[in-house]
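What follows is a set of notes on a single structure, which appears directly below.
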Amino acid sequence: MTKETKVISQSEVVNLLGNYEKKSFINVVTDTLVRMNKTGNPYYNLVHKHSSRNYLINSDYLKRVIKEGEKEGISEEENTFEVEDMKGKKRVKNSVCIDTKTEQTYYLFLELFDEVKPQVEYTFEGNPIDKQLFESYLVKVSESKKQPQERKVKVITPKIENIKSFTLEGVKYIVE
């Protein structure tokens, strides 16, 4: 239950979440341009995904992979998984990341769980659209083959500029 609501800027989000050290659940609402193939696509750069989902913030990725492996009978010694650098991003502080090329764009490192279904709506030129109409144009996303366990630890790194609001410890933050 939300105790209060605060309006904050993107730079305040970077500061707040960069200094937030607890591993905790966070509800994040995003608005992103849907990644699609361009060739012959009438929807290219016109469809937005509006999503609300609960994530885990400040999780230790390697520890989570090892823990999931242990649940499946893979001992820590047998688990040969090594964390690689993110492509084009690096962690700055806690769950806040930045792009490595310009160091201008901030991201949030979030762990997601398949059991927690998001609330998703797609819009085309501001109007709701059924995903089936543009699904064939979507960029295919592949699952990690490097984690040894069946249940993969999944993370996303949305741009902070795409975060419209988030709720953390009962406070709803609206990002302007």
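Considering only segment 137-161, how many residues are in a loop (DSSP other than H, G, I, E, B) and in contact with a strand residue (DSSP E or B) (Cβ under 6 Å, 6 or more places away or on another chain)? Qualifying residue count for the region: 2.
For segment 154-170: of the residues being closer than 10 Å to Tyr107 by Cα and among the β-branched types (Val, Ile, Thr), which is surrounded by the fewest Cβ atoms within 10 Å (Cβ to Cβ)? Applying the filter and picking the extreme gives Ile156. Condition check for Glu111 on (1) surrounded by 16 or more Cβ atoms within 10 Å (Cβ to Cβ); (2) in contact (Cβ under 8 Å) with a residue 60 or more places away in the chain; (3) under 21 Å from the mean Cα position of the chain (by Cα): one failure, at (2). Of the numbered conditions (1) exposed (fewer than 15 other Cβ atoms within 10 Å of the Cβ); (2) of a type in the set (S, T, N, Q); (3) at pLDDT below 95, Gln132 fails exactly one; give the number of that condition. (3) is the only condition that Gln132 fails.
The number of residues in segment 118-129 being of a type in the set (D, E, K, R) and either assigned to a loop (DSSP other than H, G, I, E, B) or surrounded by 15 or more Cβ atoms within 10 Å (Cβ to Cβ) (or both) comes to 1. For segment 77-85, the condition holds for at least one residue, the condition being that it is at pLDDT below 95, polar (S, T, N, Q) and under 30 Å from Lys146 (Cβ atoms).
With respect to being in contact with a strand residue (DSSP E or B) (Cβ under 8 Å, 6 or more places away or on another chain) and modelled with pLDDT under 95, Phe109 falls outside the description. In a residue-by-residue description of segment 48-66, the property of being more than 20 Å from the chain's Cα centre (by Cα) and at pLDDT below 90 applies to at least one position.
Looking at segment 1-117, what strands (runs of 3 or more DSSP E) fall wholly within it and have at least 2 residues that are touching a helix residue (DSSP H, G or I) at 6+ places or on another chain (Cβ under 6 Å) and either polar (S, T, N, Q) or farther than 15 Å from Lys159 by Cβ (or both)?
Of the strands (runs of 3 or more DSSP E) lying wholly inside segment 1-117, those with at least 2 residues that are touching a helix residue (DSSP H, G or I) at 6+ places or on another chain (Cβ under 6 Å) and either polar (S, T, N, Q) or farther than 15 Å from Lys159 by Cβ (or both) span 24-33.
Looking only at residues in segment 1-34 that are of a type in the set (Ser, Thr, Tyr) and in contact (Cβ under 8 Å) with a residue 12 or more places away in the chain, the one that is farthest from Asp130 (Cα to Cα) is Tyr20.
The values are calculated or read from the model by the stated rules, or taken from the named source; none is laboratory data. All values derive from a computational prediction rather than experimental measurement. Every residue, glycine as well, gets a Cβ built from its backbone with ideal geometry; the counts of neighbours run over all protein chains shown.
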